[in-house]
Structures are given as C-alpha cells and as structure tokens.
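For reference, the structure is listed below as structure tokens.
The values are calculated or read from the model by the stated rules, or taken from the named source; none is laboratory data. Everything numeric in this text was worked out from a predicted model, so none of it was measured. When we count neighbours, we look across all protein chains shown, and the Cβ atoms used for this are built from the backbone with ideal geometry, even at glycine. These accessible areas exclude ligands, DNA and RNA; they are computed on the full protein's heavy atoms, side chains included. Shrake-Rupley method; radii C 1.70, N 1.55, O 1.52, S 1.80 Å.
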Amino acid sequence: MTGEPDAAALPADELVPHPGQQSAGQQPAGRPSDPRRSLTDGEWHRLHPATPLLRGGIAFLAITGFVIANLRERLLEFFVPGAGEYDPDDYDPLTYVWEHGFIGFALLAVLVVLLIVMAAFFVSWRMHTFRVTDEAVEVRSGILFRTHRKAKLDRIQGVSISRPFLPRLFGAAKMEVSVAGQDASVKLEYLFSRDADDLRRDVLTLASGVRLAEQGLAPAPTVGPDGVVGANDPAISRVVNERVNEFLAPELDPSAAPPESVVRIPIPRLIGSTILGWGTVFIVVLAVVMIVSLVNGAVWALFWFVPSVIGIVSYFWTTVTKSLRYSIAGTPSGVRIGFGLFSTSNDTLPPGRVHAVEISQSILWRPFGWWQVKINKAGLSAEAAAGGKGNTTVLPVGTLTDVARVVELLLGSVSTIDLHDELDRAIRDPGHSGFVLAPRRARWLDPFAWRRTGYALHDGLLLFRRGVVWRKIDLLPLARMVSFAVSQGPVERMLRLASARAHTVIGPITATLPVIGTAEAVQLFGDVSAGIVAASRADHSHRWAENRAESTGTVLPIPPPAAHADPETGLR
C-alpha cells in the first residue's frame with residue numbers, strides 16, 4: 001500500500017488484462033504506442049524510456065558508486081577470503097584483483113549487476129503506463145505492488161509541465177494533473193517533451209466539458225522514441241537538433257496566446273526586486289555584527305559569517321534564475337504561467353480554479369511601485385503550502401498595471417483599466433473607494449494600520465485591505481470560499497470591535513480582517529453568507545466550456561448544478 005489518496009495496491013493480474021480478455025481491436029496494456037494513435041484515445045500508453053533512470057536510477061548508481069569506492073576493501077575481503085591481509089599502502093583492491101587473476105570474475109560480476117539493474121529498469125518502464133479517457137486521467141505503476149491512481153476530469157484544478165535540466169537533455173518532461181484533495185495529484189513522470197504541451201491541451205479540453213472533435217482539435221499524436229514518423233534525418237542528428245531547439249525555444253509559444261494578454265518581467269526589475277529584499281537587510285545586519293566582532297578580537301565570527309553569506313547569495317541566484325523568462329498569459333485552456341532558465345516550469349489554471357488572490361507590497365518596493373501577486377489553489381498538501389511550493393507566486397514583481405492584467409486573467413471579472421483604477425484608489429484612499437473601514441476606536445488594537453483596514457464586496461468578490469509597512473489586498477471569490485468566520489474576544493467586546501476571517505483551501509494566503517466595528521462585522525457576515533449561496537448556485541466553472549457555449553448560444557449538454565452544502569453550517 002502506498003498510503004496516498006485515490007491509490008490502491010492491487011495484484012498485478014487485476015490491473016493487467018489477460019490476453020484472452022481483450023476485445024477485438026483493443027490495444028494490449030503496455031504495447032508500444034502506434035505513432036498514428038492519440039494519447040487521449042482511452043488506451044494504455046507507456047512513458048519515456050528513460051523514466052526509471054530519471055526517477056531514481058541516477059541516484060541509485062551514484063550511491064552504489066559511493067559505497068563501492070569507500071568500502072571496496074571490505075567488499076573484496078567478503079568475496080575473496082584472505083584478500084584483506086595486505087598492506088593498503090602498497091596497493092589497493094584493484095591491484096590485488098589484477099595480480100591474482102580475478103579480473104575475469106570481476107568483469108563478469110559487473111556485467112551481471114548491470115544486467116540485473118537494466119532488467120529492473122526495463123520491467124519498471126513496461127509496468128508504468130497511463131491513459132486518458134473522457135472521464136479521467138489514470139496512471140498505474142509498480143512491479144510487486146501495483147498502484148492505480150485516477151484523476152477525475154471534473155475535479156482538475158490545473159495541469160503543470162516541468163522540465164528539469166537533466167530530463168531536458170533526454171527530451172523528457174513531467175506533467176502533473178492537480179485535482180481537489182490533499183496530495184491527490186496524478187503525475188506522469190516522464191513524457192516525451194514534444195508530446196507534453198499537446199497532451200495538456202487535450203486533457204484540459206476534455207475537462208472543460210466538450211470533446212476534442214467538438215472543439216475542432218486534432219488529438220495529439222503519439223510519437224515514439226524514434227521521433228516523428230517519416231523523418232528522413234539521421235537519428236543522432238535529429239535528436240541533437242531537437243534538444244538544441246528545446247533549449248533555444250521561447251518559454252511561451254507566440255501562437256499560444258494573444259500578445260496583448262502576455263505579462264513579462266524585465267530582467268533589471270527582477271534583479272532589483274531581489275536585491276531590495278529582506279535577504280539584503282539580513283546581510284547588512286550580519287556585516288555589522290561581524291565588523292563589531294572583529295573589532296573586539298572575535299575572529300571566530302568569520303566561521304559563521306562566510307557560510308551565511310554563501311547561503312544568501314545562493315538564494316539570490318536561485319530566485320533570479322527561477323524567475324527568468326517569466327510569462328503569464330490567457331490561453332483557450334486557462335491562464336498559463338511559465339518561468340525558468342535551465343529548468344523550466346509552466347502551469348495552466350482552468351477558469352474558476354483560483355480560490356484567493358493576494359496583492360502585496362513591501363515598504364522597500366514602495367518607491368518603485370512594485371507589487372507581488374500570490375494565489376491559493378486546490379491540490380496542495382499542507383507541507384507544500386507551508387514550504388512555498390506549488391508555484392503559488394504568479395507574479396514575482398510587477399507594476400500596478402501588470403497586477404491589474406494578472407488579476408483580470410485570474411478572475412476575469414472587470415477590465416484591466418477599471419481594475420487598475422479601483423486598485424489604485426483602494427491603496428491610496430480606501431475610504432473613498434467603496435471600502436468599509438475600521439472605526440477610530442480600533443486604534444487601541446491596531447494603532448498604525450487602522451485607517452487602512454477595511455473590506456468591500458464587489459461583483460462576487462470579497463476584498464480585504466490591511467497593512468501599512470506591508471500593504472496587502474486580498475481578493476476572494478465568494479463561489480470558492482469554504483466558510484466565513486467572525487470572532488470577538490473580551491477586549492474587542494469592550495471596544496465594540498470584532499475580527500473576520502475567510503477560509504479557503506490551504507495556501508500562502510490567510511485572508512483576515514484584524515479589526516472592524518461590531519455592527520459592520522454583523523452586516524459583513526450576513527452579506528457574505530448570502531453572497532456565498534448565490535455565487536455557488538450560479539457557478540458552472542467545473543465545466544467552463546459548457547457554460548461558455550450556453551452564453552454564445554451553442555447547443556451543448558449542461559449537467560445540473562452540483563449540490564453545495566449550506567455555507568451557514570460552516571460559519572461560526
């Protein structure tokens with residue numbers, strides 16, 4: 001058993017059909033893919049042949065080499081009794097094997113080990129298959145214990161494709177299908193890199209509620225390890241050309257999205273925002289402490305200062321290289337976010353999959369007008385959310401105009417110009433921008449930010465505004481909200497104040513309103529409760545293409561709205 005959600009350890013004969021049980025024309029499980037077939041034809045397909053090596057084979061070989069290099073005397077004595085009785089200063093085990101005529105046996109042993117490892121890799125690759133149907137994406141793997149994982153299409157929260165540096169050399173890419181539920185995602189490690197983007201397009205098209213034929217899309221053909229069918233170039237030359245083209249190709253295909261929807265980050269702004277961070281402040285503090293220590297004769301301070309500086313510089317380098325070639329754009333399948341230089345990653349979020357948006361600005365960025373945008377999305381584990389994983393920072397740094405364009409892509413509620421003006425008013429003068437602010441008595445609990453703390457309800461969104469040193473605006477779609485809470489402690493009760501919190505899926509955003517008047521809190525609770533019910537009933541984002549077809553008059557079957565629990569049961 002794996003202990004993972006949506007997974008079960010099953011006997012091999014329950015997952016692999018017997019030859020006599022296959023219907024006419026059905027592809028046997030594990031059969032090499034026919035280049036004329038589609039990866040979304042409902043049949044089982046295999047992954048990239050280098051998958052076992054990339055998923056742990058290289059680490060296994062490295063650990064094996066390390067053990068042999070450090071324990072070779074013990075290993076030689078174990079296989080050849082008495083061989084350990086020699087002076088290690090004279091010669092090592094390799095010399096002993098050569099001088100005593102054991103070289104043939106040694107080569108034979110190495111050959112046997114390599115054959116066993118290669119056989120294990122081959123069987124692991126043969127038993128690791130996937131298929132895409134009209135209902136789900138399924139993956140099954142394992143040799144002794146079989147695991148079968150399934151991601152229902154109507155529960156997909158996003159599809160990401162990552163290309164780490166080493167797999168890129170093999171022409172491989174990893175695709176992860178994120179679904180609602182903690183650690184319930186399905187991973188395809190590794191696909192052929194040239195197939196990954198088309199497969200993601202087809203999966204999201206199926207998840208949108210229509211078939212590929214209705215969209216006028218040709219299913220992505222499978223391409224075997226020998227490349228495109230009919231290619232006349234020599235195999236080695238073709239592979240080299242493909243790898244070079246992959247490394248030189250732009251992160252975002254210009255034909256994948258309209259140019260006006262693409263947001264990018266200039267390299268000077270990216271470097272400047274990284275330097276103007278709290279890491280630089282930490283370095284300055286360390287430098288002051290080190291200088292004071294050296295002046296007082298504490299030379300040992302260098303032993304902790306140098307490693308600290310190396311660690312922070314490494315953090316700066318990783319942050320900059322990870323965000324290079326950043327782009328976010330609207331595509332027919334959803335919002336696509338891509339970044340990376342040597343190792344690349346890009347996510348596609350279908351409509352209605354963003355549960356919270358946070359716009360924040362550090363005081364160090366304020367003179368330059370730079371902002372950052374983060375999101376909460378379903379499918380992250382608690383550990384991943386706490387560690388900042390999952391690509392939840394959708395705009396590392398940008399101007400307010402960039403923020404407005406990104407928020408428009410994520411939520412799609414207002415135009416960029418209107419949203420820019422509304423955000424600017426909410427930041428500079430929230431009292432005249434429709435926000436309900438905290439009363440004057442709130443200064444006893446929040447002496448610095450009470451003038452800038454408030455909320456607003458606008459077009460199915462709940463907005464929280466808070467912070468002075470670190471400005472933050474939270475945008476919360478009511479249709480995605482899990483519950484809403486208003487609380488009041490004894491001190492708050494004396495001051496006729498309260499606090500509020502909107503509960504969403506696990507992520508970097510904790511949407512709280514630290515202080516608000518009691519009467520305003522009661523009114524907010526009632527408005528949000530009614531808004532959640534109305535927004536949930538009107539939400540059809542689980543099949544977004546069907547909803548889009550209804551608005552344009554296209555006749556497509558629309559299932560009845562999913563039943564939603566009464567939000568009042570989640571309010572406390």
Considering only protein heavy atoms and a 1.4 Å probe, what is the carbon-and-sulfur percentage of the accessible area of the stretch 388-505? 54 percent
Residues whose placed amide H lies under 5 Å from that of residue 509, excluding near-sequence neighbours: none
Roughly how many Å² of residue 242 are accessible to a 1.4 Å probe, to the nearest 10? 40 Å²
Sort 340-350, 140-150 for me by packing, meaning the mean count of neighbouring Cβ atoms within 10 Å per residue, highest on top. 340-350, 140-150
Expressed as a rounded percentage, what relative contact order does the stretch 103-143 have, with Cα pairs under 8 Å and six or more residues apart? 29 percent
At 1.4 Å probe size, with the rest of the protein present, what percent of the exposed accessible area of the stretch 105-194 is carbon and sulfur atoms? 69 percent
As an exercise, use a Förster radius of 22 Å and the Cβ-Cβ distance of residue 284 and residue 360 to find the FRET efficiency, rounded to the nearest 0.05. 0.50
